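Step one of this worksheet: look at the structure below.
The values are calculated or read from the model by the stated rules, or taken from the named source; none is laboratory data. Note that this is a predicted model, so its numbers are computed, not measured. As a convention, Cβ positions derive from the backbone with ideal geometry for all residues, glycine included, and neighbour counts pool all protein chains shown.
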Amino acid sequence: MRTLATAVETAMTGRVYSVEPEDDLALVWELMSDRGVRHVPVVDAEGDLVGLVTHRDLLRASLVEQSDLPPQLERDLLERTRVLDVMVRNVETVEPTTGLAEAARLMLEHKFGCLPVLEGRRLVGILTESDFVRWVAGEAERS
């Protein structure tokens, strides 16, 4: 039986789409749109986590929210802005063995939409609000 003491690794998304600090925001925008994600970890060449870009960060940095900008101007702005210019650098993380209750407490207390999952500095997954919903829905089906 699974409980909130169950480890994060049982609920996290293991296939994580990430970008590098020198990538442009157009790549992040396409990744979010194409893959339906709202959080994109930023990793260095060794795969170590160095930051995070959220959908909200992207909108704030790119002015995409302003509907009066022509689409090409929006695209140009995204292509000229580097991930390292907008990413959050000090990202709260958890380990695969962290309990789901602890992860939930962190997310709730700090109003995080996700927690990258690390083994050492290496990104191995991401735990999102959606992962919690899927986990609970899966638990409800077995009850």
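Could you tell me whether the range 106-114 includes any residue that is in contact with a Ser or Thr (Cβ under 6 Å, 6 or more places away or on another chain), at pLDDT 95 or above and crowded, with 17+ Cβ neighbours inside 10 Å? Scanning the range 106-114 turns up at least one residue that is in contact with a Ser or Thr (Cβ under 6 Å, 6 or more places away or on another chain), at pLDDT 95 or above and crowded, with 17+ Cβ neighbours inside 10 Å.
Restrict the check to the range 84-96 and report whether at least one residue is under 20 Å from Phe132 (Cα atoms), over 13 Å from the mean Cα position of the chain (by Cα) and free of Cβ contacts under 8 Å to residues at least 40 places away in the same chain. No, the range 84-96 contains no residue that is under 20 Å from Phe132 (Cα atoms), over 13 Å from the mean Cα position of the chain (by Cα) and free of Cβ contacts under 8 Å to residues at least 40 places away in the same chain. Among residues of the range 48-63 that are closer than 15 Å to Ala26 by Cα, none has a beta-carbon under 9 Å from a residue that is at pLDDT below 85 and part of a strand (DSSP E or B) at least six positions away or on a different chain.
Residues of the range 35-50 include at least one that is assigned to a helix (DSSP H, G or I) and either on the phi < 0 side of the Ramachandran plot or of a type outside the set (Val, Ile, Thr) (or both). Checked against the criterion of being farther than 25 Å from Glu22 by Cβ, among the hydroxyl-bearing types (Ser, Thr, Tyr) and modelled with pLDDT of 95 or more, the range 86-99 contains one or more residues that satisfy it. With respect to Thr10, determine if the residue is touching a residue at least 60 places away in the same chain (Cβ under 8 Å), surrounded by fewer than 17 Cβ atoms within 10 Å (Cβ to Cβ) and touching a helix residue (DSSP H, G or I) at 6+ places or on another chain (Cβ under 6 Å). In short, no. Considering every residue within the range 55-66, establish whether at least one is modelled with pLDDT under 95 and within 24 Å of Val8 (Cα to Cα). Yes, some residue in the range 55-66 is modelled with pLDDT under 95 and within 24 Å of Val8 (Cα to Cα).
Is it the case that the range 123-138 has a residue that's among the hydroxyl-bearing types (Ser, Thr, Tyr), over 18 Å from Val42 (Cβ atoms), assigned to a helix (DSSP H, G or I) and modelled with pLDDT under 95? Yes, the range 123-138 contains at least one residue that is among the hydroxyl-bearing types (Ser, Thr, Tyr), over 18 Å from Val42 (Cβ atoms), assigned to a helix (DSSP H, G or I) and modelled with pLDDT under 95.
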